[in-house]
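First the structure, in the form of structure tokens, and then the observations on it.
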């Protein structure tokens, strides 16, 4: 079975993450993300909090600015996971800091969630966030020509859809070919039929179009100029890497797109993104692969 949501519940997955950190006894007293974020250094970045890209309460983002950056730094818009029904940008401070510490201007964006909205509204929110990033890149010390969409799990789905299906950026008067590339960590790119109730709700199952799936667009999607990074945990039991990450890589490579691909051992669906945080970086070089991809100069 393929699912974009952890096979063990998110709570159990987070408990395993905390066990690795030796923090499991504190699980009941404090958010696990808050514990992770408590390890993040403050001298690598500054933060612009609550920047608005729309009028809705959840159309907000935090921007992590590197202390040391070039005048034309790359810019990454990061979307988090949560089955399109949970998550908030404050939980992903560790991602913003990790990328900013490598000289990358990083936007961590909230977007409206189910059951408040359904597909494709969360994609429309993400497109607005990317438009804001492009329009404000120079003010923030980044280059609009080095703009990437990125994400983990459901957020990787959002990034893939913006890159591959031209409809969503076109709605905000952008072309997907304006993106320098996209990066997906453990993304669900092909998950029909939908079996999880919260995802069924988010995608109006069974009235879910095939065009809602990123893999549907891979053979003939938006231009070939994108560079793509696909990372996953080899033993991910939440989002099957063969059906999703490897199948996406193969489809893109067949059409001539340059794809960087790696499956990591010793990681699972949660620790793949958790390895961006200081206490878990020794598990696998996720941050090194992610940041080096974003820092590459366009050719």
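Every read-out reported here was derived from the displayed coordinates using simple, explicitly stated rules and does not represent laboratory data. This is a predicted model, so every value here is computed, not measured. Every residue, glycine as well, gets a Cβ built from its backbone with ideal geometry; the counts of neighbours run over all protein chains shown.
Things worth noting here:
- Note on the range 125-252: Rg/Rh from C-alpha atoms, Kirkwood Rh, equals 0.98.
- Where N is the number of residues in the range 178-299, Cα Rg divided by 2.2 N^0.38 Å: 1.12
- Rounded to the nearest 500, the 222 nm mean residue ellipticity of the chain from helices alone is -8500 deg cm²/dmol, with -39,500 (n - 2.57) taken per DSSP H run of at least 4 residues.
- Protection proxy ranking for 168-177, 37-46, 72-81, using the average of other Cβ atoms within 10 Å per residue and placing the highest first: 72-81, 168-177, 37-46.
- DSSP bridge analysis restricted to the chain gives an antiparallel fraction near 25%, rounded to the nearest 5.
- Rg and Dmax over the alpha-carbon atoms of the chain stand at 17.5, 50 Å.
- Cα extents of the range 105-145 along the three principal axes, largest first (Å): 37, 14, 11
- Over the chain, Cα pairs under 8 Å with separation of 6+ residues give a relative contact order of 19 percent.
- Of the peptides 114-120, 149-155, the ranking by mean beta-carbon count within 10 Å, highest at the top, reads 149-155, 114-120.
- Reducing the range 168-238 and the range 54-82 to their Cα centroids gives an inter-centroid distance of 20 Å.
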